[in-house]
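The values are calculated or read from the model by the stated rules, or taken from the named source; none is laboratory data. Everything numeric here is computed off the predicted structure, so don't read it as measured data. Every residue, glycine among them, receives a Cβ derived from its backbone with ideal geometry; neighbour counts consider all protein chains shown. Ligands, DNA and RNA are excluded from the accessible area calculation, which covers all protein heavy atoms including side chains. Shrake-Rupley method; radii C 1.70, N 1.55, O 1.52, S 1.80 Å.
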Amino acid sequence: MTPRVVVIGDVMRDVLVRPEGPLAPGADTRAEIIQASGGSGANQAAWLAAMGVPARMIGRVGAADHAALCAEFRAAGVDPALAADAQAPTGMLVALIDPDGQRSFYTSRGANDRLCPDDLPRDLIRGAALLHVSGYAMVAEGPRGAVAAAMRDAAAMGVPVSVDPGSASFLREIGPDRFAALTAPASFCFPNRDEAAVLAASDDPAIQNARLGARYQVLAIKDGAGPAQIFEGGVLVAQGAPAPIRAIDTTGAGDAFFAGFIAARLGGAAPPDCLAAAHAAGARAVMRLGARPSPQLSTGSLA
């Protein structure tokens, strides 16, 4: 398969916990608990494939899970380029989901934090329409240089680069200046408002928009149920909020937003239509537990 989008990011096994009431310390609390596939980068690749965009997923997983995860990606229409780690397990995440669908995470990064240059050969990226990097791929010191080099290689080959910062808490650990330097080849950036505040060192949306809009050619700032904003060349080109919806689980909503936007963009849509497609995908993501597309979306349609 020749991918239109190559994703470098994390692959996780998710445990989603939706309690029926407040935690009872020292006792039992009833909850809906499911195991699901996750990882921001992996989610993004799966959503792209569900929208008919050929996607390749580059990541690192535990050797014990390698064959099963490769088969899982292929079944979802994603070309897996996964390294098998004999020493570290596949990453795992526990998501605690409140009644409004908001989630908090406990994360064990596992093999994700051992991604290395050998996992990122240029031939996996060559010819793609876009290289996308999940910020989670740069959480650990080890993979950062390899991922930054892959972005530089892509830019040198004429492949545009996009980045999703991934997590405000991890961005604080990396530092906004260092993140900016690492992602210098990127022309697209997809932060949420909290991540934009860290990257711009300001809680003022106007300052965030100005500073980040000057750094990235296309800037899409997500704001949950609030209005998202799209800037091109620092100029606001689209703005709007998603339709009101009762969220079941917001895990993966930003990943779906990214995929909806990119699928529409690659199809030649104008910025307002790209934003509408992004919001439609995000709405699909929050209507059920789990961060990946539901099976009925695996045919390449959001209908």
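Taking the chain as a Gaussian network of alpha-carbon nodes connected by springs under 10 Å, the highest mean-square fluctuation of the residues V133, V61, V159 belongs to V159. Heavy-atom accessible area for E141, with the other protein chains in place and a 1.4 Å probe, reaches approximately 110 Å². When the chain is treated as a GNM with alpha-carbon contacts under 10 Å, the residue of N112, N209, N43 showing the greatest mean-square fluctuation is N209. The dipole here belongs to the chain: it is taken about the Cα centre, uses +1 on the Cβ of Lys and Arg and -1 on the Cβ of Asp and Glu, and is about 480 debye. Quick one: grab the alpha carbon gyration tensor of the chain, order the square roots of its eigenvalues as a ≥ b ≥ c, and give me rounded if a/c is under 1.5, else prolate or oblate depending on whether a/b is larger than b/c. Taking the square roots of the gyration eigenvalues as a ≥ b ≥ c, the chain is rounded. Put a dot 7 Å past the Cα of A210, heading toward its Cβ, do the same for A129, and the two dots end up 3.6 nm apart.
DSSP finds beta bridges in region 17-95, and of those with both partners inside it, around 25 percent are antiparallel. The label-point distance for V15 and Y106, in a model that sets each label 7 Å from Cα toward Cβ, rounds to 0.7 nm. Using the Cβ of D65 as centre and a radius below 13 Å, the other residues enclosed give a net charge of 0, where K and R count +1 and D and E count -1. Full extension of the chain segment joining D203 with A155 gains 14.2 nm, where the gain is 0.36 nm per residue of separation less the Cα-Cα distance. Compute the signed sum of charges (Lys and Arg +1, Asp and Glu -1) over the other residues within less than 12 Å, Cβ to Cβ, of A156. Taking every other residue near A156 into account, the sum is +2.
Averaging Cα coordinates gives a centre for region 1-40 and one for region 150-187; these two points are 25 Å apart. Among the DSSP helices (H) of the chain, those spanning at least 18 angstrom by Cα along their long axis with an average Kyte-Doolittle hydropathy of 1.0 or more are 253-266; this is a geometric and hydropathy rule only.
Shape analysis of region 34-96 places it in the oblate category; the axes a ≥ b ≥ c from the Cα gyration tensor give an a/c of at least 1.5, with a/b not above b/c. With contacts taken as Cα pairs under 8 Å and at least 6 residues apart, the chain reaches a relative contact order of 18 percent. The peptide list 191-198, 282-289, put in order of mean Cβ contacts within 10 Å with the highest first, becomes 191-198, 282-289. For region 157-303, the spread of Cα coordinates along the three principal axes comes to 41, 31, 28 Å, biggest extent given first.
Projecting the Cα atoms of V235, L120, I174 onto the dipole axis of region 89-243, where Lys and Arg carry +1 and Asp and Glu carry -1 at the beta carbon, places L120 farthest toward the positive end.
What shape does region 240-279 have by the C-alpha gyration tensor, where a ≥ b ≥ c are the square roots of the eigenvalues, rounded means a/c under 1.5, and otherwise prolate means a/b greater than b/c and oblate the rest? Since a/c reaches 1.5 but b/c is at least a/b, the shape of region 240-279 is classed as oblate. Dipole check for region 211-283: with +1 at the C-beta of Lys and Arg, -1 at the C-beta of Asp and Glu, and the Cα centre as origin, the magnitude is about 140 Debye.
With the simple spin-label model, which puts each label point 7 Å out from Cα in the Cβ direction, the V94 to A270 separation comes to 5.0 nm. Charge tally around A83: other residues with Cβ under 13 Å, Lys/Arg +1 each, Asp/Glu -1 each, net -4.
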